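**Q** Questions regarding the structure given below will be posed in turn.
Read-outs throughout are calculated quantities, based only on the coordinates presented, and are distinct from any laboratory measurement. Note that the coordinates shown come from a computational prediction; the quantities given were computed from them, not determined experimentally. We place every Cβ from the backbone using ideal geometry, glycine too, and count neighbours over all the protein chains shown.
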Amino acid sequence: MILEVKNLYKNFETVAGSEPIEVLKDLNMGMEVGESVAILGQSGSGKSTLLTLLAGLDSPSSGEILLNEQDMQQLNEEELSKFRAQNIGIIFQQFHLMSHLTALENVSLPLDLFKDKASIEKAQEALEQVGLGHRMDHFPYQLSGGECQRVAIARAMVVRPSILLADEPTGNLDSATGEHISDMIFELVEKHKMTLLFVTHNEKLALRCGRQLRLQGGKFI
Ligand SMILES: Nc1ncnc2c1ncn2[C@@H]1O[C@H](COP(=O)(O)OP(=O)(O)OP(=O)(O)O)[C@@H](O)[C@H]1O
Ligand SMILES: [Mg+2]
């Protein structure tokens, strides 16, 4: 198994004295290498919270997350950031590109973390794969939303991560562009035999994944 989640809980403390919000309650899941899984669930059900934990960007209140048999909780900050960069690609609804970096610099950033000598060539190739070979020196403000998301896809895939996490990657795009972007994600995942966890509200899109999970009441139903 590439991903194993055991008895995961996540609470958020809000105002001192009031009850914490329990978002994830005893959630369990597993994913095999090369599998694609969709996560569905109402707004506020905890989909983004779960992805944030799986990405190692926040810690669970309790429970275990094993990625490639590694418990991310056991790593120190430096080890964790390397582990993340090497194993996890993330695509968000809001793109999250660095505004002061060009498309090429955004995509080569994760490789630079390992002082990868071929970072420029790899980043160029990744941008060509998403059809942006001619826009590499442009900054995010010079690109459309769909183009920014293609840069984000290239950035997420350039390290050939063990798992690709996508949180509503088409949520901020018009329906035609969104369809184009989701086609691109599924094609690249297929081509590179990647493991994909795809959060979406869209039932039709969810059916393009091999398996669908529905989050409700803090766990999968
Ligand atoms: N940092 C935080 N502090 C307090 N509450 C939080 C925090 N982050 C998320 N929550 C709460 O956790 C719950 C789940 O939020 P989350 O963003 O995971 O939902 P979601 O399923 O991704 O929703 P959407 O479909 O709208 O994106 C919500 O009630 C939210 O208010
Ligand atoms: Mg969300």
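**Q** Long-range amide H contacts for residue 90: which residues qualify at under 5 Å (H placed 1.01 Å from N, peptide plane, sequence gap of 5 or more or a different chain)?
**A** Those lying under 5 Å, H to H, from residue 90 are 165.
**Q** Further question: Where Rh is the Kirkwood radius over the Cα pairs of the chain, the temperature 10 °C and the viscosity 1.306 mPa s, what D in µm²/s does Stokes-Einstein return? All intermediate terms of the calculation are to be shown ahead of the outcome.
**A** Details: Rh = 18.0 Å.
The diffusion coefficient I find is 88 µm²/s.
**Q** A further question on this structure: Could you grab the relative contact order for segment 1-90? Cα pairs under 8 Å, six or more apart, rounded to a whole percent. Let's see the in-between values first.
**A** Numbers: 124 pairs, mean separation 30.6, N = 90.
Relative contact order here is 34 percent.
**Q** Note down the nm distance, to one decimal, between modelled labels 7 Å out along Cα→Cβ at residue 186 and at residue 82.
**A** Taking the simple label geometry, residue 186 and residue 82 are separated by 3.8 nm.
**Q** Calculate one ³J(HN,Hα) per residue across segment 176-188 by plugging θ = phi - 60° into the Karplus curve 6.51 cos²θ - 1.76 cosθ + 1.60, and present them in order as whole Hz with x for glycine and proline.
**A** Rounded to whole hertz, the list is 5, 5, x, 5, 4, 5, 5, 4, 4, 4, 5, 5, 5.
**Q** Run the numbers for residue 64 and residue 1: contour at 0.36 nm per residue of separation, minus the present Cα-Cα distance, in nm. Let's see the in-between values first.
**A** Working: separation 63, 0.36 × 63 = 22.68 nm, distance 1.42 nm.
Taking residue 64 through residue 1 to full extension adds about 21.3 nm, to one decimal.
**Q** Scan segment 81-126 for chymotrypsin sites (Phe, Trp or Tyr not before Pro) in coil per DSSP, keeping those whose Cβ has at most 15 other Cβ atoms within 10 Å, and list them by number.
**A** Working: sites: 83, 92, 95, 114; in loops: 92, 95, 114.
For chymotrypsin sites (Phe, Trp or Tyr not before Pro) across segment 81-126 that sit outside H, G, I, E and B with at most 15 neighbouring Cβ atoms in 10 Å, the list reads 114.
**Q** Any idea what diffusion coefficient segment 23-87 gets from Stokes-Einstein, in µm²/s, Kirkwood Rh on alpha carbon pairs, 10 °C, 1.306 mPa s? Present the calculation step by step, with values, prior to reporting the outcome.
**A** Details: Rh = 13.1 Å.
This corresponds to a translational diffusion coefficient of 122 µm²/s.
**Q** What longest region of the chain stays clear of GluC sites (Glu not before Pro) that DSSP places outside H, G, I, E and B and that have at most 16 other Cβ atoms within 10 Å?
**A** Values: sites that count: 13, 32, 69.
Value returned for the longest uninterrupted segment is 70-221.
**Q** In segment 81-169, which trypsin sites (Lys or Arg not before Pro) are in a loop and have at most 13 other Cβ atoms within 10 Å, using DSSP for the loop call? Before the final figure, lay out each step's value.
**A** Working: sites: 82, 84, 115, 117, 122, 135, 150, 155; in loops: 115, 117.
Filter output for segment 81-169: 115, 117.
**Q** Now for a separate question. Pick from 101, 111, 51: which is most flexible by mean-square fluctuation in a GNM of the chain where alpha carbon atoms under 10 Å apart are linked?
**A** Highest fluctuation among the options: 101.
**Q** How big is D, in µm² s⁻¹, for segment 115-159 by Stokes-Einstein at 25 °C and 0.890 mPa s if Rh is the Kirkwood radius over C-alpha pairs? It would help to have the intermediate numbers written out before the result.
**A** On the way: Rh = 10.6 Å.
In µm²/s, the coefficient rounds to 232.
**Q** Can you tell me the length gained on complete extension of the stretch residue 43 to residue 21, counting 0.36 nm per residue apart and subtracting the Cα distance? Numbers along the way, then the final one.
**A** Details: separation 22, 0.36 × 22 = 7.92 nm, distance 1.50 nm.
Gain on extension, residue 43 to residue 21, equals 6.4 nm.
**Q** Residue by residue, what Karplus-based ³J(HN,Hα) values in Hz, rounded to whole numbers, does segment 56-65 have, using 6.51, -1.76 and 1.60 with θ = phi - 60° and x for Gly and Pro?
**A** Values per residue, Gly and Pro as x: x, 8, 8, 9, x, 5, 7, x, 10, 10 Hz.
**Q** Reachable lysines from residue 10, Cα under 23 Å, same-chain residues fewer than 8 places away excluded?
**A** Answer for residue 10, where 23 Å is the Cα cut-off: 25, 47, 219, listed by chain and number.
**Q** Also: Let me check against my output: what whole-number percent is the relative contact order of segment 22-171, with C-alpha pairs under 8 Å and at least 6 apart?
**A** On the way: 174 pairs, mean separation 42.8, N = 150.
About 29 percent, as a whole number.
**Q** Please work out the C-alpha center-to-center distance from segment 111-127 to segment 18-48 and express it in whole Å.
**A** So the separation of the two Cα centres works out to 32 Å.
**Q** How large is the Kirkwood hydrodynamic radius of segment 69-181, counting all unique pairs of alpha carbons, in Å? Please list the in-between numbers first.
**A** Values: mean 1/r = 0.0693 Å⁻¹.
Result for segment 69-181 stands at 14.4 Å.
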